[in-house]
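Have a look at the structure below before the remarks.
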Amino acid sequence: MVYSPKELAMRILKVGARKVWLDPTKMEAIQQTKTREGIRELIAQGAIKRKFTLRGSYKSAKGPFLFPKEDLTLIKQPSEPLSQ
């Protein structure tokens, strides 16, 4: 499989696409690089960096669904409130 330089950087840095920054002044060198070793060299040179953002991922906005929507009936509902 042939990956783009950004995809290789995503795999090496273990981040998503929006967290990878490519230096626009060194785009020719980045586009010519086809190997993981070449991408690691560009990361060391500073041509490719990991962006650090204050917010997290979009996962929390999508909802903490543990079950598919059709299985929501499997969640036990409390039958009676506890009273003392």
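Here, each number is a calculation from the coordinates, and none is a lab measurement. The model shown is predicted, which means the values in this text are computed figures rather than measured ones.
For region 1-53, the fraction of alpha-carbon pairs lying more than 17 Å apart is 23 percent, rounded to a whole number.
In this structure, the amide hydrogen of Val20, modeled 1.01 Å from its nitrogen in the peptide plane, lies closer than 5 angstrom to those of Lys51, counting only residues at least 5 positions away or on a different chain.
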